[in-house]
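Right, one structure below, let's go through it.
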Amino acid sequence: MSNIHQRRTDSQRGRSFSTFELANGLRVVVGTDPDKSVAAAALAVLGGSIHEPKERPGLAHFCEHMLLHGTLQPGYDANFAEYIKQAGGTHNAVTTVLQTCFAFEIQSEKLEGALSRFARFFVSPIFNPSYQYQELQAIDAEHSMNTTNDFRRQWAILLLDAIPEHPYHWTSGCTKSLQNPLLRTNLHQALETFHAHAYKADRMSLALVGNQSTKELTEWVCKYFACVPSSRVRSKDLNDLMGAGIGKGEPPFLHEDFCILFELFSSAFDLGKLSHFLCLMTGFVICFFTCGVWTRQVARFS
């Protein structure tokens with residue numbers, strides 16, 4: 001990894017940046033800003049809904065929820081969420097088709113304590129089954145909002161015409177899709193299997209900024225994240241986890257079907273609402289060429 005290009009104004013203000021890669025394959029960028037009292041971190045893992053089993057839609061989303069709110073952290077007086085709240089910080093996460101991203105901000109003097117707890121999500125999380133119900137309820141609430149969202153419905157219609165052999169599928173999940181009694185493994189087992197498979201250091205990138213020196217920030221990263229397990233996938237094989245490689249040669253849509261859908265949607269919308277129309281069409285292009293689609297068949301689980 002090459003160093004980040006630094007602007008002259010950054011140097012004048014005492015800001016500096018550094019990039020490096022841990023032995024386990026985790027890619028890292030750290031930055032120092034002496035003038036800031038708030039620190040922040042974000043970690044993205046190449047483990048999104050496209051990498052979950054199609055028969056259990058929403059598993060990647062559920063894993064995100066359980067990591068943030070449903071893990072036990074022995075040895076700490078407060079878990080990650082409690083620690084962030086007590087320190088007046090904030091945290092959030094998002095699951096997309098290709099990746100899941102976790103982020104938080106906190107007062108700089110509390111950064112190391114937050115990092116040590118944050119790292120446990122990726123080292124060896126202990127998922128607490130007693131928290132499953134509350135997180136399923138949270139996912140159901142999101143699902144209910146999505147089913148009445150016109151933009152989400154448009155994606156659902158698009159996915160009805162996706163090629164079945166392609167891994168596109170409805171991704172946000174709900175209790176019905178996650179706790180399907182016809183599946184051989186229970187939800188807890190599926191959760192642990194997905195995390196063990198997808199949450200590998202060589203599929204992760206971490207960004208960290210605080211008012212500490214880049215040397216101190218680097219030492220913290222090495223201390224807390226060096227033990228994140230790695231699959232040691234060859235870098236060229238990561239192409240199979242993103243973009244066109246996901247379909248293993250299968251296109252998401254037939255060309256003629258995609259063109260028909262494009263014409264139907266473009267004629268159905270009031271082109272005076274240009275921003276809405278452009279947003280929709282951009283989504284079509286993204287989903288057709290780079291696997292950026294949200295859902296398959298919302299009505300199936302409604």
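No lab work stands behind these numbers, since they all come straight from the coordinates. Note that the structure is a prediction, hence the values are computed from the model and not measured. Using ideal geometry, Cβ is built from the backbone for each residue, glycine included, and neighbour counts are taken over all protein chains shown.
Extent of segment 1-152 along its three principal axes (Cα atoms, max minus min coordinate, largest first): 52, 37, 34 Å. In this structure, the pairs whose alpha-carbon distance is over 20 Å, taken from K54/K176; K36/K110; K36/K215; K85/K200; K85/K110, are K85/K200.
Per the Debye formula on identical point scatterers at the alpha carbon atoms of segment 115-160, with no solvent, log10 I(q)/I(0) at q = 0.13, 0.26 Å⁻¹ is -0.55, -0.89. Taking only the C-alpha atoms of segment 9-89, Rg followed by Dmax gives 17.5, 54 Å. Summing +1 for each Lys or Arg and -1 for each Asp or Glu among the other residues whose beta-carbon sits under 13 angstrom from that of H65 gives -4.
Using 1/(1 + (r/R0)^6) with R0 = 35 angstrom and r between the beta carbons of D161 and L72, what's the FRET efficiency to the nearest 0.05? Don't skip to the end; give the middle numbers.
Values: r = 43 Å, r/R0 = 1.24.
Calculated transfer efficiency: 0.20.
Dividing the convex hull volume of the alpha carbon atoms of segment 16-60 by its residue count gives 103 Å³ per residue. Distance between the 7 Å Cα→Cβ label points at V94 and S231: 2.4 nm. Its alpha carbons considered, segment 137-204 gives a radius of gyration followed by a Dmax of 14.6, 38 Å. What separates the Cα centres of segment 136-162 and segment 176-196 is a distance of 21 Å.
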